[in-house]
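Q: I'd like to ask you about the structure that follows.
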Amino acid sequence: MSDVNYVRNTLIQTGEHCGELIARLVEIQQEMDHITGTIATVTSGSENPEIQQALATYSLARENIAAHVQAPMGTAHEHVQNYFSQL
């Protein structure tokens, strides 16, 4: 196999793995939404600071996954795709 084909195949596999990971991160966010929803439902009306802090922390974690993991991974994947298209 030529070096170019090896690089292409490796980049294709890497792109597939990246897509799978991003999809799993979306699933994790959905699971976090479910957890947050469950907590909010069973503690409805609670002004307890621990519950409020828990809900805020889950929300922050979810946002951080999107902002600091998914978005940069998507950008990195775009750069790899741009490189791949030049091969």
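Q: Can you tell me which of 8, 24 is within 22 Å of the chain's Cα centre (by Cα), open to solvent by 50 Å² or more (accessible area, probe 1.4 Å) and of a type in the set (Lys, Arg)?
A: Criteria check complete, one pass: 24.
Q: Could you look through region 40-87, keep only residues that are outside any loop (DSSP other than H, G, I, E, B) and among the charged types (D, E, K, R), and pick out the one that is most open to solvent (accessible area, probe 1.4 Å)?
A: The extreme case among them is 50.
Q: Could you please tell me which pairs satisfy a Cβ distance under 9 Å, a separation of 6+ or placement on different chains, a first residue in region 48-63 that is closer than 12 Å to residue 37 by Cα and among the small types (Gly, Ala, Ser), and a second residue that is open to solvent by less than 80 Å² (accessible area, probe 1.4 Å) and outside any helix (DSSP H, G or I)?
A: 54/43
Q: Cβ-Cβ under 7 Å, sequence separation 6+ or interchain: first residue in region 20-38 and more than 16 Å from residue 56 (Cα to Cα), partner not hydrophobic (A, V, I, L, M, F, W, C). Which pairs?
A: 22/70; 22/74; 25/70
Q: Which numbered condition trips up residue 45, out of (1) within 24 Å of residue 78 (Cα to Cα); (2) out of contact with any helix residue (DSSP H, G or I) (no Cβ under 8 Å at 6 or more places or on another chain)?
A: Of (1) within 24 Å of residue 78 (Cα to Cα); (2) out of contact with any helix residue (DSSP H, G or I) (no Cβ under 8 Å at 6 or more places or on another chain), only one is false for residue 45: (1).
Q: Among the residues of region 65-82, is any under 30 Å from residue 14 (Cβ atoms) and in contact with a Ser or Thr (Cβ under 8 Å, 6 or more places away or on another chain)?
A: Scanning region 65-82 turns up at least one residue that is under 30 Å from residue 14 (Cβ atoms) and in contact with a Ser or Thr (Cβ under 8 Å, 6 or more places away or on another chain).
The values are calculated or read from the model by the stated rules, or taken from the named source; none is laboratory data. Predicted model, so just to flag it, every value in this text is computed and none were measured. We place every Cβ from the backbone using ideal geometry, glycine too, and count neighbours over all the protein chains shown. Just so you know, the surface numbers come from the protein's heavy atoms only, side chains and all, with ligands and any DNA or RNA stripped out. Shrake-Rupley method; radii C 1.70, N 1.55, O 1.52, S 1.80 Å.
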